[in-house]
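Structure first, then comments.
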Amino acid sequence: MLKGISGIAAFVLTFGLSVSLVGLLFGFTGIGTGDSEVSVEITNFLRQDVNNGELRDRKIRSIYSYEIPIDKYSLSVSDYVSDAENLDDSVLPDDLQYAWRRHLQAWRNHDRLLGSEAKVFRATSECCGNEFKVTYRASGREINETWDQVLRIAKHHGADTRGLK
């Protein structure tokens, strides 16, 4: 009986020391009772961006109920990109800042694509040929993929990413 208890005690002690050593060497990520300052900053940053996107979407829905003219949609995306560029990303950890800037670049590319199509639309009153549609879908995928990467990294840093998809 005593042999069993001392075996359990030795295991617990060894396990505790191992966890402590690994935590000291690599950080105690995921362990804690509250949000760190960094995770709160990240969450606030992401929520501010999502709020800007929701504002863009509300503007679009309030003006147009069915089809949105490409030039008006282009303008709303340009406004969103401008708002996103004005967010202070210096509060983000380096890996997240890099992912955020890639995401922002995807939006800039999308904005340029829409802007060029809006010019064609204003000149010809025709919108969106097949080549544009293919490029537009690829641009949308890039935005979604880079946003997913931002959320994955933010979550890794302890940010609350619920409802930010």
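Computed from the coordinates by the stated procedures, all read-outs in this text should not be read as laboratory data. Bear in mind the structure is a predicted one, so any value in this text is a computation, not a measurement. Backbone-built Cβ (ideal geometry, glycine too); neighbour counts: all protein chains shown.
Structure summary
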item: Nitroxide proxy distance, nm - points 7 Å out along Cα→Cβ at Tyr98 and Asp71; result: 4.2
item: Efficiency of FRET between Asn144 and Asp89 - r from beta-carbon atoms, R0 30 angstrom, step 0.05; result: 0.95
item: Loop-located trypsin sites (Lys or Arg not before Pro) in the range 80-164 whose Cβ has at most 10 other Cβ within 10 Å (DSSP); result: Arg162
item: Asp79-His156 pseudo-label distance in nm [points 7 Å out on the Cα-to-Cβ vector]; result: 3.5
item: Virtual paramagnetic centre 7 Å along Cα→Cβ of Glu54, amide N under 17 Å, in the range 144-165; result: 160-165
item: Per residue convex hull volume, Cα atoms of the range 36-156, in Å³; result: 98
item: Order of Phe132, Phe45 - criterion: other Cβ atoms within 10 Å of each residue's Cβ, fewest first; result: Phe132, Phe45
